[in-house]
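Down below is the structure, laid out as structure tokens.
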Amino acid sequence: MKKFIYFIFTGLLCVLVAKASEPKIWSVNTRAEVLKGDARGVSINENGMITLAPKLTQVFNTEQSYVWSSAVDTSGNVFLGTGSDGKIFKVDASGKGTLFYDTNELNVSALAIGKSGEIFAGTSPDGKVYRVSANGTAEIFFAPKEKYIWSLAVLSDGSLAVGTGENGKIYRVKTANATPETSLLFDTSETHIISLAADNQGNLLAGTDANGLVLRFSPDGKPFALLDSPLREIHDISTGADGSVYVLAVSDAASASKATTPPTTTPPESPTVSVETNVAPTPEPQPKSRYDLSTTKSAVYRILPDGGSDIIWNSSTVTAFSIHAHRTGNGVLIGTSDKGRIYSVANDGRETLLLQSNEGQISTFTTNGKNLFATSSNQGKLYRFSAETETEGSYESAVLDAKANATWGRIWWHSSGNVLLQTRSGNTEKANETWSDWSANYADQKGAQITSPKAKYLQWRAILKSSLSLPSSKNSANSVNSETSLNEVNVSYLPRNIAPEVLSIQVLPTNVGLLTNPPVQIDPNIELSGLDPTAFGLPPIFNVPPRKVYLRGARALQWTAEDRNGDRLEYDIYYRQVGEMNFKLLRENLSDNFFTIDGAALADGRYIFKVAAKDSLSNPPDLSLSGERISEPIDIDNTPPTVSAVGTPQIIGDKARAVFEANDSASFLNRAEYSVNGSNWQAVFADDGISDSPKERYTLEIPLKSAGEYTIALRVFDANGNVGSVRIVVRR
């Protein structure tokens, strides 16, 4: 079967349906499709273009499951609060990490650096605040008898704000004296104070659960609500250089307050992309406004200095854990559990997958103004951002499902700079050790023959390397950086032909026929081009259901069939009488999946029908295949019952008694009716109580109200709807 399908990846999904022996093009050029792959050291911009990513360097591995909190001091030391062992680690400016303090609690859920360089650590679920000196000596600084210490923030006067749960209180603890002076700053009606942050004007910002409020407290402690989000929880707050406040809100499903420890997350496998040519393509999700939060898991708000707010990002699939405002004032970084990815979102909503880590989620961001750090969970690690770009990165596509063992054709792509491609293939849905090794590099973007072995599944990998362009002239003193990028990959392949299957045959009752509905008028050029009519907003050409009509003596067949290659099918109908050996051709080359048999064209008897599906329309004669199914036996009966009167009607008083006998040669009788002098038909039962055999007797007793002549008619029906009748006349 000569069938080539082109896999095109440019970051718009367009499926072109064609015959199996002709090329079929599958274009993937939506950014959403690109994000299904795995990015290692590469970024994916808002148009789906792949480029080398900013460098993210692992600094320290805590060997703990979670990093709940982080903080950095003026000397560049980074402190990490972990779970579920409740440890605090210190990583110095050189990257050396040590255990700083073990709290003996489950989780260190909040950290803050005091004015004097001391470390404040909030714990859960036995809410305490520890104060740890620079040499690691610790004391319980504040124990408010709350279950959770969710958040800490150091205010402009050096005092410590403490956000708690499950009573939703904010405490203010002055740290200047040897003995802390504690006051209740605000007792909210909320359940949890999940996030706290201090802005440059000395205000305290608080994010709550379970009503998604953002509260601002002026230096004198007066509260003012800045935002009421329909999402449950304000998980993180970050202040921008221009005075804007960026807020991460999450839905109920992603709420941190639902449990003290999140479920273990692992990077999901690359999805499998299937090619189905006998069905319409799955439509892309309809774009929706960023302000539509009906199905949102996470959203980022920007609260402007004048109090107005915008939603700059939301996602119904991605759970975000942390945000960090760009130094430029234009947007935020978002850390997620989506393969441990970090997204960069501008104030106008433009979104870039900045980079992807090797961990389950990005938990926190922290900075001392000079360096920016990110932490991860599953495993708990510390990373540092660099102004440099990776010198090499890779992108692994989603796995392509050819639906059958396939011979691979060429691979070609559109790129700039130094880009190489490789492929591998296998017969398991997920790539594993049973797959082939990655092929040698394909270097010619105009096309190369794929060397991976025949298989059902294929995956390609792009390797991007930084490169310098040649000098623009002989007099150029320096080379100019040339951006390495990839925005299209194409793969052709030839699946093995698989015979079509007739999955089921339905036999309709006698006298119920099926007729073709008037087809939708379609430009013939569309069909000739091989394009799927659904791409033009039209229904599929071969999927218009029939209509049921009354046809005397008809027997109708309707069947379902499937072709794994998506080939266009035609059908042949055969029949034979029960007891015969060979089938006879009744009708061939049907395009519809139904057929109505004219019962009058066949002699009475029991018949078996065979439906054969063939893919010859889509394949050369020597490669076309067929599949068939045989129906259950079907009765063809066009002969009506014979009905006769038995003897002479008897007049007994004011009643006439008449006896009738009915016989059917091909099936059985199932009901009878009588009428007197043309009146309405009335049911009559057989003498044995039920009409259910080829021969029945019916006895009628007809009231004779007055003298005169009476006409009695009896009609009898067989199981196939044939009617036999008789009429007699009695006189009183």
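From the C-alpha coordinates alone, can you work out the Kirkwood hydrodynamic radius of region 642-731, in Å?
Numbers: mean 1/r = 0.0754 Å⁻¹.
For region 642-731, inverting the mean 1/r across all distinct Cα pairs yields 13.3 Å.
Once amide H atoms are built 1.01 Å from N in the peptide plane, which residues 5 or more positions from D604, or in another chain, come under 5 Å H to H?
Hits under the 5 Å cutoff: N638.
Below 20 Å, Cα to Cα, which lysines can K446 reach? Residues fewer than 8 away in the same chain don't count.
The reachable lysines, counting only those whose Cα sits under 20 Å from K446, are K24, K465.
With both bridge residues required to lie in the chain, what share of the DSSP beta bridges run antiparallel, to the nearest 5%? Don't jump to the answer; show the numbers that get you there.
On the way: 229 of 237 bridges.
If we restrict to bridges inside the chain, about 95 percent are antiparallel.
Taking a label point 7 Å from the Cα of S416 along the Cα→Cβ vector, which residues of region 482-506 have an amide N closer than 12 Å to it?
482-487
What lysines could a cross-link reach from K584, if we take a straight Cα to Cα line under 25 Å and drop same-chain neighbours fewer than 8 places away?
Qualifying lysines at Cα under 25 Å: K610, K614.
Along region 187-200, what does the Karplus equation 6.51 cos²θ - 1.76 cosθ + 1.60 (θ = phi - 60°) give for ³J(HN,Hα), rounded to whole Hz, x for Gly and Pro?
9, 7, 8, 7, 8, 9, 9, 6, 9, 9, 7, 10, 9, 6
Computed from these coordinates, which is Cα Rg over 2.2 N^0.38 Å: [x] 1.46; [y] 0.93; [z] 1.01?
[x]
Excluding same-chain residues fewer than 8 positions from K90, which lysines have a Cα within less than 27 Å of its Cα?
Output for K90: K55, K115, K128, K147, K174, K339, K370, K381.
Taking R0 as 60 Å, what's the FRET efficiency between D157 and I526 from their Cβ-Cβ distance, rounded to 0.05? Don't jump to the answer; show the numbers that get you there.
Details: r = 73 Å, r/R0 = 1.22.
Here the calculated transfer efficiency is 0.25.
Using 1/(1 + (r/R0)^6) with R0 = 56 angstrom and r between the beta carbons of L585 and Q379, what's the FRET efficiency to the nearest 0.05?
The computed FRET efficiency comes out at 0.25.
Would you mind pulling out the separation of the Cα centroids of region 99-130 and region 661-731, in Å?
Rounded to whole Å, the Cα centres lie 97 Å apart.
Go ahead and estimate [θ] at 222 nm for the chain from helices alone: -39,500 (n - 2.57) per DSSP H run with n ≥ 4, summed, over the residue count, rounded to 500. Show your work: numbers first, answer last.
Numbers: 2 runs with 10 residues, N = 732.
Value at 222 nm, helices only, nearest 500: -500 deg cm²/dmol.
So who's got an amide H within less than 5 Å of the one on R341, skipping anything under 5 residues away but keeping other chains? H placed 1.01 Å off N, in plane.
T336, S357, I362
Once amide H atoms are placed 1.01 Å from N in the peptide plane, what residues at a sequence separation of 5 or more from G37, or on another chain, have their amide H within under 5 Å of its amide H?
A398
Along the Cα→Cβ direction, 7 angstrom out, place labels at A499 and N663. What is the inter-label distance in nm?
4.7
Under the Karplus relation 6.51 cos²θ - 1.76 cosθ + 1.60, θ = phi - 60°, what is the ordered set of whole-Hz ³J(HN,Hα) values for region 591-604, x standing for Gly and Pro?
8, 7, 9, 7, 7, 9, 8, 6, x, 5, 7, 10, 5, 4
With θ taken as phi - 60° and the coefficients 6.51, -1.76 and 1.60, list the Karplus ³J(HN,Hα) couplings across region 612-617 in order, rounded to whole Hz; mark glycine and proline as x.
Listing the rounded values in order: 10, 9, 9, 9, 5, 5 Hz.
Over all distinct alpha-carbon pairs, what is the Kirkwood Rh of region 501-636 in angstrom? It would help to have the intermediate numbers written out before the result.
Details: mean 1/r = 0.0613 Å⁻¹.
16.3 Å is the Kirkwood radius here.
FYI, it's all coordinate maths here, none of it is from the lab. All figures in this text were calculated on a predicted structure; none of them were measured in a lab. No Cβ is skipped: glycine too gets one built from the backbone with ideal geometry, and neighbour counts run over all protein chains shown.
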